[in-house]
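Below: the structure, in C-alpha coordinates.
The values are calculated or read from the model by the stated rules, or taken from the named source; none is laboratory data. For clarity, every value in this text was computed on a predicted model and none was experimentally measured. Here Cβ is always computed from backbone atoms with ideal geometry, including for glycine, and neighbour counts include all displayed protein chains.
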Amino acid sequence: MDKIVIEGGARLHGEIPVSGAKNAALPLLAAALLPGGASVLENVPQLQDVSTMARLLRRLGCEVDGRRTLTIAPPATSATGARKQPKLFEAPYELVKTMRAGVLVLGPLVARYGRARVSLPGGCAIGARPIDQHLKGLEAMGARVKLEHGYVDVQAKRLRGAHIVLDMPTVTGTENLLMAAVLARGHTVIENAAREPEVEELALVLNKMGARITGGGTPIIQITGVDDLDPVEHAILPDRIEAGTFLVAGAITRGDLLVRDARPEHLDAVIAKLRGAGVSVTVEQGGVRVRGGGGMTGMDITTQPYPGFPTDMQAQFMALAAVAGGQSVIKETIFEHRFMHVPELVRMGADIHTDGHVAVIRGVRKLSGATVMATDLRASASLVVAGLVAGGTTEVLRVYHLDRGYERMELKLRKAGARIKRVKA
Ligand code: EPZ
(Lines give C-alpha, C1' and ligand atoms only; values in the text may rest on other atoms or scores of the structure.)
Protein backbone atom coordinates (compact mmCIF):
# COMPACT_ATOMS: atom_id res chain seq x y z
CA MET A 1 0.00 0.00 0.00
CA ASP A 2 1.38 3.39 -1.03
CA LYS A 3 2.10 6.06 1.52
CA ILE A 4 2.47 9.82 1.30
CA VAL A 5 5.50 11.46 2.92
CA ILE A 6 5.42 15.17 3.77
CA GLU A 7 8.10 17.51 5.12
CA GLY A 8 6.05 20.16 6.88
CA GLY A 9 6.61 23.93 6.81
CA ALA A 10 6.36 24.91 3.13
CA ARG A 11 3.91 27.68 2.28
CA LEU A 12 1.68 26.93 -0.70
CA HIS A 13 1.82 29.48 -3.52
CA GLY A 14 0.95 29.91 -7.19
CA GLU A 15 -2.14 28.07 -8.29
CA ILE A 16 -3.65 24.59 -7.97
CA PRO A 17 -6.19 23.02 -10.38
CA VAL A 18 -9.50 21.45 -9.36
CA SER A 19 -10.73 18.30 -11.14
CA GLY A 20 -14.30 17.39 -12.07
CA ALA A 21 -16.58 16.61 -9.12
CA LYS A 22 -16.54 12.98 -7.93
CA ASN A 23 -20.04 13.30 -6.48
CA ALA A 24 -21.37 14.59 -9.80
CA ALA A 25 -19.49 12.10 -11.99
CA LEU A 26 -20.89 9.07 -10.14
CA PRO A 27 -24.64 9.85 -10.58
CA LEU A 28 -24.02 11.12 -14.13
CA LEU A 29 -22.36 7.83 -15.06
CA ALA A 30 -25.40 5.97 -13.70
CA ALA A 31 -27.72 8.33 -15.61
CA ALA A 32 -26.00 7.26 -18.85
CA LEU A 33 -27.98 4.00 -18.52
CA LEU A 34 -31.21 5.89 -19.23
CA PRO A 35 -31.02 7.10 -22.87
CA GLY A 36 -31.18 4.84 -25.92
CA GLY A 37 -27.71 5.72 -27.12
CA ALA A 38 -24.13 6.65 -26.16
CA SER A 39 -23.57 9.71 -23.93
CA VAL A 40 -20.27 11.58 -23.54
CA LEU A 41 -19.00 12.94 -20.21
CA GLU A 42 -16.06 15.39 -20.23
CA ASN A 43 -13.79 16.59 -17.40
CA VAL A 44 -14.16 13.20 -15.69
CA PRO A 45 -11.93 13.02 -12.58
CA GLN A 46 -9.40 10.16 -12.64
CA LEU A 47 -10.45 8.53 -9.38
CA GLN A 48 -10.76 5.01 -8.02
CA ASP A 49 -14.50 5.43 -7.43
CA VAL A 50 -15.02 6.52 -11.05
CA SER A 51 -13.11 3.47 -12.33
CA THR A 52 -15.23 1.25 -10.08
CA MET A 53 -18.45 2.81 -11.43
CA ALA A 54 -17.19 2.28 -15.01
CA ARG A 55 -16.50 -1.38 -14.18
CA LEU A 56 -20.02 -1.69 -12.79
CA LEU A 57 -21.54 -0.18 -15.95
CA ARG A 58 -19.54 -2.61 -18.11
CA ARG A 59 -20.82 -5.43 -15.92
CA LEU A 60 -24.33 -4.18 -16.70
CA GLY A 61 -23.65 -4.49 -20.42
CA CYS A 62 -22.56 -0.92 -21.18
CA GLU A 63 -19.63 -0.06 -23.41
CA VAL A 64 -17.50 2.47 -21.53
CA ASP A 65 -14.51 4.00 -23.35
CA GLY A 66 -12.03 6.77 -22.60
CA ARG A 67 -10.52 8.35 -19.52
CA ARG A 68 -10.83 12.14 -19.07
CA THR A 69 -13.66 12.01 -21.62
CA LEU A 70 -15.88 8.95 -21.20
CA THR A 71 -18.29 7.56 -23.79
CA ILE A 72 -20.97 5.35 -22.23
CA ALA A 73 -23.20 3.25 -24.48
CA PRO A 74 -25.93 1.42 -22.52
CA PRO A 75 -26.91 -2.08 -23.68
CA ALA A 76 -29.20 -1.83 -26.68
CA THR A 77 -31.25 -4.58 -25.08
CA SER A 78 -34.87 -3.70 -24.59
CA ALA A 79 -36.55 -4.23 -21.23
CA THR A 80 -37.85 -7.65 -22.31
CA GLY A 81 -34.39 -8.65 -23.55
CA ALA A 82 -32.84 -7.65 -20.23
CA ARG A 83 -35.18 -9.98 -18.42
CA LYS A 84 -33.65 -12.86 -20.37
CA GLN A 85 -30.13 -11.73 -19.38
CA PRO A 86 -30.21 -11.46 -15.58
CA LYS A 87 -26.63 -10.19 -15.42
CA LEU A 88 -27.77 -7.07 -17.25
CA PHE A 89 -29.42 -5.67 -14.19
CA GLU A 90 -27.31 -6.97 -11.33
CA ALA A 91 -24.83 -4.81 -9.38
CA PRO A 92 -22.70 -7.38 -7.51
CA TYR A 93 -21.45 -7.19 -3.94
CA GLU A 94 -17.78 -7.17 -4.90
CA LEU A 95 -18.27 -3.85 -6.70
CA VAL A 96 -20.87 -2.14 -4.52
CA LYS A 97 -19.05 -2.95 -1.25
CA THR A 98 -16.00 -0.97 -2.37
CA MET A 99 -18.08 1.94 -3.60
CA ARG A 100 -21.47 2.60 -2.01
CA ALA A 101 -22.43 4.93 -4.83
CA GLY A 102 -23.02 1.75 -6.85
CA VAL A 103 -26.56 1.92 -5.48
CA LEU A 104 -27.07 4.80 -7.92
CA VAL A 105 -27.73 2.29 -10.74
CA LEU A 106 -30.91 1.22 -8.94
CA GLY A 107 -33.15 4.04 -10.20
CA PRO A 108 -31.96 4.00 -13.83
CA LEU A 109 -32.12 0.19 -14.14
CA VAL A 110 -35.69 -0.04 -12.83
CA ALA A 111 -36.75 2.95 -14.93
CA ARG A 112 -35.20 1.65 -18.16
CA TYR A 113 -35.32 -2.16 -17.82
CA GLY A 114 -37.99 -2.71 -15.16
CA ARG A 115 -35.59 -4.65 -12.95
CA ALA A 116 -32.56 -4.13 -10.72
CA ARG A 117 -30.77 -6.44 -8.34
CA VAL A 118 -28.25 -4.41 -6.38
CA SER A 119 -26.11 -5.53 -3.49
CA LEU A 120 -26.97 -3.65 -0.33
CA PRO A 121 -23.97 -1.32 0.10
CA GLY A 122 -23.45 -2.15 3.73
CA GLY A 123 -21.83 0.28 6.05
CA CYS A 124 -18.53 2.00 5.71
CA ALA A 125 -16.06 3.61 8.06
CA ILE A 126 -18.21 6.70 8.63
CA GLY A 127 -21.54 5.05 9.28
CA ALA A 128 -24.29 2.52 8.56
CA ARG A 129 -25.30 4.29 5.33
CA PRO A 130 -28.82 2.81 4.97
CA ILE A 131 -30.84 3.21 1.75
CA ASP A 132 -34.35 2.95 3.21
CA GLN A 133 -35.37 6.28 1.68
CA HIS A 134 -34.29 5.16 -1.79
CA LEU A 135 -36.45 2.02 -1.44
CA LYS A 136 -39.42 3.83 0.15
CA GLY A 137 -39.53 6.16 -2.84
CA LEU A 138 -39.33 3.34 -5.40
CA GLU A 139 -42.15 1.48 -3.62
CA ALA A 140 -44.25 4.64 -3.70
CA MET A 141 -43.67 4.61 -7.48
CA GLY A 142 -45.13 1.10 -7.70
CA ALA A 143 -41.97 -1.00 -7.59
CA ARG A 144 -41.90 -4.37 -5.83
CA VAL A 145 -38.92 -4.35 -3.45
CA LYS A 146 -37.51 -7.55 -1.97
CA LEU A 147 -34.51 -7.82 0.35
CA GLU A 148 -32.79 -11.19 0.18
CA HIS A 149 -29.27 -12.60 0.58
CA GLY A 150 -27.77 -9.13 0.99
CA TYR A 151 -29.30 -7.86 -2.22
CA VAL A 152 -32.25 -5.63 -2.93
CA ASP A 153 -34.34 -6.88 -5.84
CA VAL A 154 -36.59 -4.21 -7.39
CA GLN A 155 -39.06 -4.84 -10.20
CA ALA A 156 -41.72 -2.76 -11.93
CA LYS A 157 -43.47 -3.14 -15.27
CA ARG A 158 -43.41 0.63 -15.48
CA LEU A 159 -42.95 3.02 -12.58
CA ARG A 160 -45.74 5.52 -11.97
CA GLY A 161 -45.46 9.06 -10.65
CA ALA A 162 -45.82 9.56 -6.87
CA HIS A 163 -45.66 12.23 -4.18
CA ILE A 164 -42.58 11.37 -2.09
CA VAL A 165 -41.59 13.10 1.14
CA LEU A 166 -38.05 12.17 2.22
CA ASP A 167 -37.33 11.79 5.94
CA MET A 168 -34.04 13.62 5.37
CA PRO A 169 -32.50 15.33 2.32
CA THR A 170 -30.46 12.30 1.24
CA VAL A 171 -28.15 13.13 -1.68
CA THR A 172 -27.98 9.78 -3.49
CA GLY A 173 -31.55 9.04 -2.39
CA THR A 174 -32.74 12.18 -4.20
CA GLU A 175 -30.58 11.27 -7.21
CA ASN A 176 -31.85 7.68 -7.42
CA LEU A 177 -35.50 8.78 -7.24
CA LEU A 178 -34.93 11.56 -9.76
CA MET A 179 -33.49 9.05 -12.25
CA ALA A 180 -36.39 6.67 -11.59
CA ALA A 181 -39.06 9.35 -12.04
CA VAL A 182 -37.91 10.72 -15.41
CA LEU A 183 -39.23 7.61 -17.26
CA ALA A 184 -42.18 6.91 -14.93
CA ARG A 185 -45.74 7.33 -16.14
CA GLY A 186 -47.17 10.56 -14.73
CA HIS A 187 -46.05 13.26 -12.31
CA THR A 188 -43.66 12.88 -9.37
CA VAL A 189 -42.95 15.30 -6.54
CA ILE A 190 -39.90 14.80 -4.31
CA GLU A 191 -40.21 16.85 -1.11
CA ASN A 192 -37.35 17.48 1.31
CA ALA A 193 -35.01 16.82 -1.64
CA ALA A 194 -31.24 17.32 -1.32
CA ARG A 195 -30.08 20.70 -2.70
CA GLU A 196 -26.41 19.90 -3.37
CA PRO A 197 -24.94 21.37 -6.60
CA GLU A 198 -24.35 17.79 -7.79
CA VAL A 199 -28.10 17.10 -7.54
CA GLU A 200 -28.82 20.30 -9.49
CA GLU A 201 -26.24 19.22 -12.10
CA LEU A 202 -27.93 15.80 -12.46
CA ALA A 203 -31.34 17.44 -13.01
CA LEU A 204 -29.80 19.76 -15.59
CA VAL A 205 -28.24 16.84 -17.52
CA LEU A 206 -31.44 14.76 -17.36
CA ASN A 207 -33.32 17.74 -18.84
CA LYS A 208 -30.66 17.92 -21.59
CA MET A 209 -31.61 14.26 -22.28
CA GLY A 210 -35.25 15.34 -22.70
CA ALA A 211 -36.56 14.86 -19.16
CA ARG A 212 -39.07 17.34 -17.74
CA ILE A 213 -37.78 18.38 -14.31
CA THR A 214 -38.33 21.60 -12.38
CA GLY A 215 -36.83 22.54 -9.01
CA GLY A 216 -33.47 20.75 -9.27
CA GLY A 217 -31.30 22.14 -6.45
CA THR A 218 -34.34 23.19 -4.38
CA PRO A 219 -36.15 21.24 -1.64
CA ILE A 220 -39.10 20.42 -3.93
CA ILE A 221 -38.37 18.73 -7.27
CA GLN A 222 -41.20 18.04 -9.76
CA ILE A 223 -40.86 15.56 -12.63
CA THR A 224 -43.25 14.77 -15.48
CA GLY A 225 -42.30 11.37 -16.86
CA VAL A 226 -41.48 10.88 -20.56
CA ASP A 227 -41.28 7.71 -22.65
CA ASP A 228 -37.63 7.86 -23.62
CA LEU A 229 -34.51 9.99 -23.36
CA ASP A 230 -31.73 11.03 -25.76
CA PRO A 231 -27.99 10.72 -25.14
CA VAL A 232 -26.05 13.89 -24.21
CA GLU A 233 -22.60 15.42 -24.07
CA HIS A 234 -21.73 17.17 -20.81
CA ALA A 235 -18.67 18.57 -19.02
CA ILE A 236 -18.68 17.81 -15.29
CA LEU A 237 -18.57 20.76 -12.89
CA PRO A 238 -15.51 21.35 -10.64
CA ASP A 239 -15.30 19.47 -7.35
CA ARG A 240 -16.28 21.87 -4.55
CA ILE A 241 -14.92 19.57 -1.82
CA GLU A 242 -11.52 19.24 -3.51
CA ALA A 243 -11.55 23.04 -3.95
CA GLY A 244 -12.46 23.53 -0.28
CA THR A 245 -9.68 21.15 0.75
CA PHE A 246 -7.12 23.22 -1.19
CA LEU A 247 -8.44 26.46 0.37
CA VAL A 248 -7.78 24.93 3.80
CA ALA A 249 -4.30 23.80 2.68
CA GLY A 250 -3.48 27.34 1.53
CA ALA A 251 -4.77 28.80 4.81
CA ILE A 252 -3.03 26.34 7.15
CA THR A 253 0.36 26.83 5.46
CA ARG A 254 -0.12 30.64 5.54
CA GLY A 255 0.35 30.60 1.80
CA ASP A 256 -0.99 32.61 -1.10
CA LEU A 257 -2.78 30.19 -3.41
CA LEU A 258 -5.25 30.50 -6.29
CA VAL A 259 -7.60 27.50 -6.39
CA ARG A 260 -8.27 27.47 -10.12
CA ASP A 261 -11.83 26.91 -11.39
CA ALA A 262 -13.28 26.81 -7.85
CA ARG A 263 -16.90 28.04 -7.99
CA PRO A 264 -17.40 30.43 -5.03
CA GLU A 265 -21.18 30.06 -5.27
CA HIS A 266 -20.80 26.40 -4.25
CA LEU A 267 -18.49 27.25 -1.34
CA ASP A 268 -20.43 29.92 0.57
CA ALA A 269 -20.44 28.13 3.95
CA VAL A 270 -16.77 27.10 3.62
CA ILE A 271 -15.61 30.60 2.61
CA ALA A 272 -17.67 32.18 5.42
CA LYS A 273 -15.97 29.94 8.02
CA LEU A 274 -12.49 30.68 6.64
CA ARG A 275 -13.15 34.42 6.71
CA GLY A 276 -14.63 34.09 10.21
CA ALA A 277 -11.33 32.54 11.33
CA GLY A 278 -9.42 35.52 9.96
CA VAL A 279 -8.31 33.95 6.65
CA SER A 280 -8.31 36.18 3.56
CA VAL A 281 -10.43 34.67 0.76
CA THR A 282 -11.00 36.60 -2.47
CA VAL A 283 -12.90 35.71 -5.64
CA GLU A 284 -10.89 36.21 -8.82
CA GLN A 285 -11.50 35.68 -12.53
CA GLY A 286 -9.92 32.22 -12.59
CA GLY A 287 -11.04 30.91 -9.22
CA VAL A 288 -10.77 31.62 -5.50
CA ARG A 289 -7.60 32.93 -3.82
CA VAL A 290 -6.71 32.14 -0.21
CA ARG A 291 -4.08 33.97 1.83
CA GLY A 292 -3.31 32.54 5.25
CA GLY A 293 -1.75 35.06 7.55
CA GLY A 294 -0.91 34.83 11.21
CA GLY A 295 -3.52 35.26 13.92
CA MET A 296 -6.07 32.69 12.78
CA THR A 297 -8.81 32.36 15.41
CA GLY A 298 -10.95 29.33 16.32
CA MET A 299 -14.20 28.50 14.56
CA ASP A 300 -17.48 26.85 15.61
CA ILE A 301 -18.92 24.50 12.97
CA THR A 302 -22.04 22.36 12.74
CA THR A 303 -22.28 20.21 9.62
CA GLN A 304 -25.59 20.49 7.74
CA PRO A 305 -27.13 19.46 4.42
CA TYR A 306 -26.32 21.90 1.59
CA PRO A 307 -26.20 24.90 1.62
CA GLY A 308 -25.05 24.45 5.24
CA PHE A 309 -21.47 23.59 6.15
CA PRO A 310 -20.61 20.32 4.32
CA THR A 311 -19.82 17.20 6.33
CA ASP A 312 -17.21 16.39 3.66
CA MET A 313 -15.19 19.43 4.82
CA GLN A 314 -15.42 18.70 8.57
CA ALA A 315 -12.19 16.70 8.90
CA GLN A 316 -10.14 19.21 6.91
CA PHE A 317 -11.38 22.10 9.10
CA MET A 318 -10.50 20.16 12.22
CA ALA A 319 -6.86 20.15 11.09
CA LEU A 320 -7.09 23.91 10.57
CA ALA A 321 -8.71 24.41 14.00
CA ALA A 322 -5.87 22.37 15.56
CA VAL A 323 -3.42 25.21 14.84
CA ALA A 324 -5.82 28.18 15.09
CA GLY A 325 -5.65 30.47 18.13
CA GLY A 326 -8.20 29.73 20.84
CA GLN A 327 -10.94 27.11 20.99
CA SER A 328 -13.11 25.60 18.26
CA VAL A 329 -16.20 23.42 18.59
CA ILE A 330 -17.14 21.11 15.69
CA LYS A 331 -20.43 19.21 15.67
CA GLU A 332 -21.03 16.42 13.11
CA THR A 333 -24.77 15.97 12.50
CA ILE A 334 -24.83 13.97 9.23
CA PHE A 335 -22.85 10.78 9.89
CA GLU A 336 -22.62 8.83 13.13
CA HIS A 337 -18.93 8.02 13.00
CA ARG A 338 -16.97 10.73 11.25
CA PHE A 339 -14.29 11.60 13.84
CA MET A 340 -11.76 8.89 12.98
CA HIS A 341 -9.18 11.51 12.04
CA VAL A 342 -9.22 12.76 15.66
CA PRO A 343 -6.90 10.16 17.27
CA GLU A 344 -4.48 10.53 14.37
CA LEU A 345 -4.42 14.34 14.69
CA VAL A 346 -3.92 13.92 18.46
CA ARG A 347 -0.85 11.78 17.72
CA MET A 348 0.46 14.80 15.80
CA GLY A 349 0.08 16.92 18.92
CA ALA A 350 -3.42 18.33 18.41
CA ASP A 351 -5.49 19.09 21.52
CA ILE A 352 -8.90 17.58 20.69
CA HIS A 353 -11.55 16.08 22.95
CA THR A 354 -14.69 14.45 21.59
CA ASP A 355 -17.97 13.71 23.31
CA GLY A 356 -20.32 11.87 20.95
CA HIS A 357 -20.88 14.04 17.88
CA VAL A 358 -19.07 17.06 19.31
CA ALA A 359 -15.33 17.78 19.21
CA VAL A 360 -13.65 20.55 21.20
CA ILE A 361 -10.34 21.68 19.72
CA ARG A 362 -7.84 23.94 21.46
CA GLY A 363 -5.33 25.38 19.03
CA VAL A 364 -1.68 24.51 19.62
CA ARG A 365 1.34 26.48 18.47
CA LYS A 366 2.73 23.63 16.39
CA LEU A 367 1.85 20.11 15.31
CA SER A 368 4.61 17.51 15.07
CA GLY A 369 5.06 15.15 12.17
CA ALA A 370 4.20 11.49 12.77
CA THR A 371 3.27 8.29 10.98
CA VAL A 372 -0.54 8.29 10.78
CA MET A 373 -3.21 6.00 9.36
CA ALA A 374 -5.88 7.09 6.89
CA THR A 375 -9.27 5.55 7.64
CA ASP A 376 -11.65 7.17 5.16
CA LEU A 377 -11.55 9.59 2.28
CA ARG A 378 -11.85 12.94 4.02
CA ALA A 379 -9.94 11.85 7.13
CA SER A 380 -6.98 11.14 4.82
CA ALA A 381 -7.25 14.63 3.39
CA SER A 382 -7.26 16.05 6.91
CA LEU A 383 -4.02 14.20 7.76
CA VAL A 384 -2.29 15.42 4.59
CA VAL A 385 -3.34 19.00 5.38
CA ALA A 386 -2.02 18.65 8.95
CA GLY A 387 1.23 17.18 7.64
CA LEU A 388 1.79 20.24 5.44
CA VAL A 389 2.20 22.40 8.54
CA ALA A 390 3.55 19.92 11.12
CA GLY A 391 7.21 20.13 12.15
CA GLY A 392 9.27 17.33 10.66
CA THR A 393 8.11 14.36 8.63
CA THR A 394 4.55 13.02 8.39
CA GLU A 395 3.83 9.67 6.74
CA VAL A 396 0.18 9.00 5.81
CA LEU A 397 -0.44 5.28 5.33
CA ARG A 398 -3.27 3.58 3.37
CA VAL A 399 -3.56 6.41 0.86
CA TYR A 400 -5.88 4.28 -1.25
CA HIS A 401 -8.57 6.04 0.78
CA LEU A 402 -7.32 9.36 -0.60
CA ASP A 403 -7.21 8.06 -4.19
CA ARG A 404 -10.95 7.38 -4.04
CA GLY A 405 -11.75 11.09 -4.07
CA TYR A 406 -8.64 13.13 -4.94
CA GLU A 407 -6.86 12.99 -8.27
CA ARG A 408 -3.10 12.72 -7.57
CA MET A 409 -3.33 15.15 -4.66
CA GLU A 410 0.38 14.92 -3.91
CA LEU A 411 1.31 16.01 -7.45
CA LYS A 412 -0.99 19.01 -7.33
CA LEU A 413 0.28 20.04 -3.87
CA ARG A 414 3.94 19.59 -4.88
CA LYS A 415 3.44 21.90 -7.87
CA ALA A 416 2.04 24.47 -5.41
CA GLY A 417 5.21 24.28 -3.29
CA ALA A 418 4.58 21.47 -0.81
CA ARG A 419 7.43 19.11 0.09
CA ILE A 420 5.41 15.96 -0.52
CA LYS A 421 5.86 12.67 -2.35
CA ARG A 422 4.16 9.33 -2.82
CA VAL A 423 6.20 6.26 -1.88
CA LYS A 424 5.09 3.14 -3.66
CA ALA A 425 4.73 0.28 -1.21
C1 EPZ B 1 -23.47 11.65 -0.36
O2 EPZ B 1 -23.53 10.41 0.32
C3 EPZ B 1 -22.02 11.84 -0.74
N4 EPZ B 1 -21.62 10.76 -1.65
C5 EPZ B 1 -21.15 11.84 0.51
O6 EPZ B 1 -19.82 12.09 0.10
C7 EPZ B 1 -21.61 12.97 1.42
O8 EPZ B 1 -20.86 12.95 2.62
C9 EPZ B 1 -23.10 12.79 1.74
O10 EPZ B 1 -23.85 12.73 0.51
C11 EPZ B 1 -23.65 13.93 2.59
O12 EPZ B 1 -23.46 15.14 1.92
C13 EPZ B 1 -21.98 10.84 -2.95
O14 EPZ B 1 -22.64 11.78 -3.38
C15 EPZ B 1 -21.52 9.73 -3.84
P16 EPZ B 1 -26.91 10.85 2.34
P17 EPZ B 1 -24.99 9.76 0.64
O18 EPZ B 1 -27.80 9.81 1.75
O19 EPZ B 1 -25.94 10.10 -0.44
C20 EPZ B 1 -28.97 8.99 6.18
C21 EPZ B 1 -17.51 11.82 0.15
O22 EPZ B 1 -16.69 11.97 1.06
N23 EPZ B 1 -29.76 8.19 5.23
O24 EPZ B 1 -27.16 12.29 1.99
O25 EPZ B 1 -24.75 8.32 0.95
C26 EPZ B 1 -27.49 8.60 6.16
O27 EPZ B 1 -27.26 7.52 7.02
C28 EPZ B 1 -18.81 11.11 0.41
O29 EPZ B 1 -17.37 12.25 -1.03
C30 EPZ B 1 -30.75 7.34 5.72
O31 EPZ B 1 -30.96 7.22 6.93
O32 EPZ B 1 -25.40 10.52 1.95
C33 EPZ B 1 -26.80 9.86 6.62
O34 EPZ B 1 -26.83 9.90 8.03
C35 EPZ B 1 -18.86 10.56 1.82
N36 EPZ B 1 -31.49 6.61 4.83
C37 EPZ B 1 -27.70 10.98 6.08
O38 EPZ B 1 -28.96 10.36 5.77
C39 EPZ B 1 -31.31 6.71 3.47
O40 EPZ B 1 -32.04 6.05 2.71
C41 EPZ B 1 -27.17 11.65 4.81
O42 EPZ B 1 -26.86 10.63 3.91
C43 EPZ B 1 -30.30 7.58 3.00
C44 EPZ B 1 -29.54 8.32 3.89
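For the condition surrounded by fewer than 20 Cβ atoms within 10 Å (Cβ to Cβ) and either under 22 Å from residue 323 (Cβ atoms) or free of Cβ contacts under 8 Å to residues at least 24 places away in the same chain (or both), what is the one hit in 387, 391? Unique residue meeting the criteria: 391.
Selection of first residues in the stretch 123-139 that are modelled with pLDDT of 80 or more and of second residues that are assigned to a loop (DSSP other than H, G, I, E, B) and near the ligand (Cβ under 6 Å from one of its atoms), restricted to Cβ pairs under 6 Å at least 6 apart or on distinct chains, gives the following pairs, ordered by first then second residue: 126/335; 127/335; 133/170. The residue list 14, 61 contains one member that is touching a residue at least 24 places away in the same chain (Cβ under 8 Å), more than 15 Å from the ligand (Cβ to nearest atom) and part of a loop (DSSP other than H, G, I, E, B), which is 61.
Going residue by residue through the stretch 19-37, is there one that turns out to be more than 19 Å from residue 244 (Cβ to Cβ), in contact (Cβ under 8 Å) with a residue 24 or more places away in the chain, more than 16 Å from the ligand (Cβ to nearest atom) and assigned to a strand (DSSP E or B)? No: the stretch 19-37 contains no residue that is more than 19 Å from residue 244 (Cβ to Cβ), in contact (Cβ under 8 Å) with a residue 24 or more places away in the chain, more than 16 Å from the ligand (Cβ to nearest atom) and assigned to a strand (DSSP E or B). Taking into account only those residues within the stretch 349-359 that are away from the ligand (no atom under 16 Å from the Cβ) and loosely packed, with under 15 Cβ neighbours inside 10 Å, which is farthest from residue 308 (Cα to Cα)? Residue satisfying both the conditions and the ranking: 351.
Residue-by-condition table, conditions (1) outside the structural domain of residue 171 (by TED's automatic domain parsing); (2) over 21 Å from residue 408 (Cα atoms):
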site	(1), (2)
11	yes, no
51	no, no
74	no, yes
98	no, no
105	no, yes
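Filtering 336, 344, 395 for residues that are of a type in the set (Asp, Glu) and in contact with a Lys or Arg (Cβ under 6 Å, 6 or more places away or on another chain) leaves a single hit, 395.
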